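Scroll down for the structure; my scribbles are underneath it.
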């Protein structure tokens, strides 16, 4: 099975084609230009498919980070994948961005401190135990203060912090998820968007 993984939950956007039968990445690309992901994501996907001499019709499933992360970035990726998956009637794997981060440490024996800046003095965070090829979730995805996280991490040894999401780890995490339809794919937010918070504060 060929999976097209996409992520734009943080500053960088990335795409990858993963072959589940060979358990290998066929093609990968990322961009961290100072332009919106709406301008970079689809051209990037097209370029990595072209590099692999594939078309969207060759893709058996999509893997996408549906949050947490940048509200705009998460929406852009979810919308792009919904459109492609609906048109092709292709299943989707909705992956937590924090869960995917843990897969950057595959092969280690450690506690993965998966973290993304949530601003306003908080982080999006989840902890996982990595034992070789096995990933065990220790906490749910949450928004947590730096002080709270620092205190919690004192309970663990051999903690490695990881904070750079990429489409390769998204594809790997997808193998642990249940596929859904394009209609079921929805962004997952741990907090309200900033504009909505500011509107409520004014009221």
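The values are calculated or read from the model by the stated rules, or taken from the named source; none is laboratory data. These numbers come from a predicted model, not from an experiment. Counting neighbours? That spans all protein chains shown, and the Cβs are built from the backbone with ideal geometry, glycine included.
List of remarks:
- Counting the residues of region 159-177 that are under 25 Å from residue 27 (Cβ atoms) and surrounded by fewer than 17 Cβ atoms within 10 Å (Cβ to Cβ) gives 5.
- Residues located in region 106-121, provided they are in contact with a helix residue (DSSP H, G or I) (Cβ under 9 Å, 6 or more places away or on another chain) and either in a strand (DSSP E or B) or modelled with pLDDT under 95 (or both): 111, 112, 113, 114, 115, 116, 119, 120, 121
- Scanning region 159-181 for residues that are in contact with a strand residue (DSSP E or B) (Cβ under 6 Å, 6 or more places away or on another chain), more than 21 Å from residue 11 (Cα to Cα) and assigned to a loop (DSSP other than H, G, I, E, B) turns up 177, 179.
Residue-wise test of (1) closer than 12 Å to residue 96 by Cα; (2) at pLDDT below 95; (3) touching a helix residue (DSSP H, G or I) at 6+ places or on another chain (Cβ under 9 Å).
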site: 146; (1), (2), (3): no, yes, no
site: 153; (1), (2), (3): no, no, no
site: 156; (1), (2), (3): no, no, no
site: 160; (1), (2), (3): no, no, yes
site: 168; (1), (2), (3): no, no, yes
site: 179; (1), (2), (3): no, no, no
site: 187; (1), (2), (3): yes, yes, yes
site: 194; (1), (2), (3): no, yes, yes
site: 200; (1), (2), (3): no, yes, no
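- Every residue from region 81-100 that is within 17 Å of residue 166 (Cα to Cα), in contact with a helix residue (DSSP H, G or I) (Cβ under 7 Å, 6 or more places away or on another chain) and in a helix (DSSP H, G or I): 99, 100
- Checking the stated criteria, residue 142 turns out not to satisfy the condition of being over 20 Å from residue 3 (Cα atoms) and surrounded by fewer than 14 Cβ atoms within 10 Å (Cβ to Cβ).
This table checks each residue for (1) surrounded by fewer than 23 Cβ atoms within 10 Å (Cβ to Cβ); (2) more than 12 Å from residue 188 (Cα to Cα); (3) in contact (Cβ under 8 Å) with a residue 40 or more places away in the chain.
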position: 53; (1), (2), (3): yes, yes, no
position: 60; (1), (2), (3): yes, yes, yes
position: 65; (1), (2), (3): no, no, yes
position: 69; (1), (2), (3): no, no, yes
position: 74; (1), (2), (3): no, no, yes
position: 86; (1), (2), (3): yes, yes, yes
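- Exactly one residue among 103, 124, 156 is surrounded by 15 or more Cβ atoms within 10 Å (Cβ to Cβ) and outside any strand (DSSP E or B), and that residue is 103.
- Check on residue 135, in contact with a helix residue (DSSP H, G or I) (Cβ under 6 Å, 6 or more places away or on another chain), surrounded by fewer than 20 Cβ atoms within 10 Å (Cβ to Cβ) and outside any loop (DSSP other than H, G, I, E, B): yes
- In this structure, residue 75 does not satisfy being more than 19 Å from residue 171 (Cα to Cα) and at pLDDT below 95.
- Sole exception among (1) exposed (fewer than 15 other Cβ atoms within 10 Å of the Cβ); (2) part of a loop (DSSP other than H, G, I, E, B) for residue 185, by number: (1)
- Entry remark, region 139-154: residues being touching a residue at least 24 places away in the same chain (Cβ under 8 Å) and either outside the structural domain of residue 121 (by TED's automatic domain parsing) or under 18 Å from the mean Cα position of the chain (by Cα) (or both) number 3 in total.
- In a residue-by-residue description of region 27-45, the property of being part of a strand (DSSP E or B), farther than 12 Å from residue 167 by Cα and free of Cβ contacts under 8 Å to residues at least 12 places away in the same chain applies to no position.
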